[in-house]
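Trainee: Take a look at the following structure, please.
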There are 2 protein chains.
Amino acid sequence: MLQILSQHADVWGEIRLLASPRSAGRKLAVRGAETEVLALDEEALRGIDVAVFLVPEEVAARWAPVAAAQGTVVVDASPAFRDDPEVPLVVPEVNPHAARVRPHGIIAGPGCTTLALIVAVGALHAEFGLEELVVSAYQAASGAGQAGVAALRGQLATVAGTDLGAAPGDVRRALGDDGTGPFAAPLALNVVPWSGTLQDGGWSSEELGVRAETRRVLGLPGLRVAATCVRVPVLTTHSVSVHARFERPVTVARAHEILATSPGVVLYDDPAAGDFPTPADVVGTDPTWVGRVRRDLDDERALEFFVCGDNLRKGAALNTAQIAELVAVELAAGGPSRT
Amino acid sequence: MLQILSQHADVWGEIRLLASPRSAGRKLAVRGAETEVLALDEEALRGIDVAVFLVPEEVAARWAPVAAAQGTVVVDASPAFRDDPEVPLVVPEVNPHAARVRPHGIIAGPGCTTLALIVAVGALHAEFGLEELVVSAYQAASGAGQAGVAALRGQLATVAGTDLGAAPGDVRRALGDDGTGPFAAPLALNVVPWSGTLQDGGWSSEELGVRAETRRVLGLPGLRVAATCVRVPVLTTHSVSVHARFERPVTVARAHEILATSPGVVLYDDPAAGDFPTPADVVGTDPTWVGRVRRDLDDERALEFFVCGDNLRKGAALNTAQIAELVAVELAAGGPSRT
């Protein structure tokens, strides 16, 4: 976030850094200025126009209403308010207008898997009218935080240079009971069809989140969405295999035109030249990368495509910063601060 | 294959091992007997009732017709004859009857990605009537042969214990131009949305193979199938995320009953207990493992589920051995050898 704030155009006056008391007193560079971190409390929140929350869900649930009650517009990246119908769920490339209507003074952003696909899907929806999504995610370890990255790196160190991975359960035995880290099974030399918590009907919270968030951001409460979330041994950058069915017939040529000219999207789709997005090439970049665009052979209204998006950038800090910038510009223009 | 022949019930008389002249003279154990490998030629093929071909496509294309012309029933695992409407494409759990009608004396088996999903899908089709499949595959490195396994192991040794994987292209640069092996991009710390050769419309040969083979094995020439094949850093065992839409309404309870009682399928589906299949646990086993069964929230006729199947066992040698055993039993019973 500090990097993004330092790189983007300056729509800010004073930037205040708040954190837990444990981190208070540290000095961090923001836009070239050494800035001391303050402990988060009511006093520190006073007088802030726009507050960006990149904190655990329970911290957001506790402190976002406190800030909002003081007149601050809160932009929260956590899941705390994603289901609240009175909190807009915003992706600036798709539904920027929604950020202006915030009855509680709080704006939320979707989760990182939704953010990996929603910019490309939103652009195609605007042209063709989306009816149905069937998506399978290839989720990176850092979606589970620093513990996920550390666990994958540790597991790879254990399996590299060994014969593990050829006999049932041998990776699991080599890692031991504590070796899977935050994942539900070993991740090195494996894929794990589980992330999040168990919900009704055998669905995971991450899968239901993709459905609910996609519907909210696109403003399509009846959209058919079936998502499967699978963790893969990639450090950072989520990929999603997307089957999208539309109201109107589609062509690859027109889809290419739309994707090539959509803000926040890079079209990278020439398999004859080896051009399609992969996490290892996309990691560390801002846009959603799209490739492997194909028209369904049995349905003139459906497209297949493959997207990659860095789950730590657009999937978290970047989307939050973009929303905050929208609000800052609106406030500077004298727009409604609490409509 | 030798292991499978040694473990299964003996429906064979003499077992003859044929290979390239380079391997001729080696002695291998089959059903406890030391057996000398003979060089493949017309003479060596003479007098064989059932020939199992586990050879490259071009060797099968050259030699299967030679064997068949001598009255041998050929069971071929390669892609050479998969598209030939006069060569039955057989999965014994799904369409065993098809093996009896073989105008050219040749029977083929599908590719390893189709084999990962077809036994479970076929069982559900028999109950509910399949209309549409949308599948995303998580393909293991050994689908690209020994070169794939060696490349992934080498790449993992390069990235383990490093900081690679956090900056765009850093894994690619560390591996160098020759480091990706048979894959279209680095596979360690990555997923690669490409396998096979480029076909019309941006589809890969593997994706079109899943569509054509699934239609043939199920006997549904108009089945809607959209497949996306993605290579993942797993050594062996393909996984597939399946969205299946049926003619009739479905329930998870009934799907569980069907899958739990289908030959060749293991139902492993209790996420509350951490029970779902992963490649690391399934590798080295014969059946198709199925978990994560969910009813689509927006469609009472659709199911989501996740399957894992060892691409070197059911995905290749095992399916071929099962077909050969069907034919051997048929011939022993005096059935038609060339109908």
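Trainee: Does B:Gly201 meet the test of being in contact with a Leu (Cβ under 8 Å, 6 or more places away or on another chain) and at pLDDT 95 or above?
Mentor: yes
Trainee: Related question: Tell me which of these A:Leu124 doesn't satisfy, since it passes every other one: (1) farther than 25 Å from A:Val307 by Cβ; (2) more than 13 Å from every other protein chain (Cβ to nearest Cβ).
Mentor: Just one mismatch for A:Leu124, condition (1).
Trainee: Follow-up. Any idea which of B:Ser205, B:Ser195 is without any contact (Cβ under 8 Å) to a residue 40 or more places away in the chain, touching a strand residue (DSSP E or B) at 6+ places or on another chain (Cβ under 9 Å) and of a type in the set (Ser, Thr, Tyr)?
Mentor: Answer to the selection: B:Ser205.
Trainee: Do you know which of the residues in the stretch A:156-168 that are surrounded by 15 or more Cβ atoms within 10 Å (Cβ to Cβ) and within 14 Å of B:Pro279 (Cβ to Cβ) is farthest from the other protein chains (Cβ to nearest Cβ)?
Mentor: A:Leu164
Trainee: If you check B:Arg62, B:Arg46, which single one turns out to be of a type in the set (Lys, Arg) and modelled with pLDDT of 95 or more?
Mentor: Just a single option satisfies the conditions, and that option is B:Arg62.
Trainee: While we're looking at this one, here's another question. Since B:Gln3 meets every condition but one in (1) over 22 Å from B:Ala99 (Cβ atoms); (2) at pLDDT 90 or above; (3) outside any loop (DSSP other than H, G, I, E, B), which condition does it not meet?
Mentor: (2) is the only condition that B:Gln3 fails.
Trainee: While we're here: Residues that are free of Cβ contacts under 8 Å to residues at least 24 places away in the same chain, assigned by TED's automatic domain parsing to the domain that holds B:Gln199 and crowded, with 24+ Cβ neighbours inside 10 Å: list the strands (runs of 3 or more DSSP E) wholly contained in the stretch B:226-339 that include at least 1 such residues. Give the derivation first.
Mentor: Numbers: elements: B:238-246, B:265-267, B:288-295, B:302-309.
Correct list: B:288-295.
Trainee: Further, regarding this structure: In the stretch A:134-155, which residues are of a type in the set (A, V, I, L, M) and either away from chain B (no Cβ under 13 Å) or in contact with a Leu (Cβ under 7 Å, 6 or more places away or on another chain) (or both)? Before you say what the answer is, go through the steps one by one.
Mentor: Filtering the stretch A:134-155 for residues of a type in the set (A, V, I, L, M) gives A:134-135, A:137, A:140-141, A:144, A:147, A:149-152.
Of everything in the stretch A:134-155, those that are of a type in the set (A, V, I, L, M) and either away from chain B (no Cβ under 13 Å) or in contact with a Leu (Cβ under 7 Å, 6 or more places away or on another chain) (or both) turn out to be A:Val135, A:Ala140, A:Ala141, A:Ala144, A:Ala147, A:Val149, A:Ala151, A:Leu152.
Trainee: Would you point out which residue out of B:Gly284, B:Gly274 is at the interface with chain A (Cβ under 10 Å from one of its Cβ atoms) and over 22 Å from the mean Cα position of the chain (by Cα)?
Mentor: From the options B:Gly284, B:Gly274, the qualifying one is B:Gly274.
Trainee: Which of the residues spanning the stretch A:115-124 are crowded, with 24+ Cβ neighbours inside 10 Å and touching a Ser or Thr at 6+ places or on another chain (Cβ under 6 Å)?
Mentor: A:Val119, A:Ala120
Trainee: Turning to a different aspect of this structure: Take B:Val327 and tell me if it is touching a Ser or Thr at 6+ places or on another chain (Cβ under 6 Å) and either over 20 Å from B:Gly122 (Cα atoms) or of a type in the set (Phe, Trp, Tyr) (or both).
Mentor: So B:Val327 fails the test.
Trainee: Do we find that A:Val230 is among the hydrophobic types (A, V, I, L, M, F, W, C), within 10 Å of another protein chain (Cβ to nearest Cβ) and closer than 20 Å to A:Leu187 by Cβ in this structure?
Mentor: Against the criterion (among the hydrophobic types (A, V, I, L, M, F, W, C), within 10 Å of another protein chain (Cβ to nearest Cβ) and closer than 20 Å to A:Leu187 by Cβ), A:Val230 qualifies.
Trainee: Right, something else. If you go through the stretch A:206-223 one residue at a time, how many are over 28 Å from A:Phe183 (Cα atoms) and away from chain B (no Cβ under 13 Å)?
Mentor: 4
Trainee: Take the stretch A:210-222 and flag every residue that is in contact with a Cys (Cβ under 9 Å, 6 or more places away or on another chain) and surrounded by fewer than 24 Cβ atoms within 10 Å (Cβ to Cβ). Give the steps one after another, and end with the answer.
Mentor: Narrowing the stretch A:210-222 to residues in contact with a Cys (Cβ under 9 Å, 6 or more places away or on another chain): A:210.
Matches in the stretch A:210-222: none.
The values are calculated or read from the model by the stated rules, or taken from the named source; none is laboratory data. Everything numeric in this text was worked out from a predicted model, so none of it was measured. Here the Cβ is made from the backbone with ideal geometry for all residues, glycine too, and neighbour counts use every protein chain on show.
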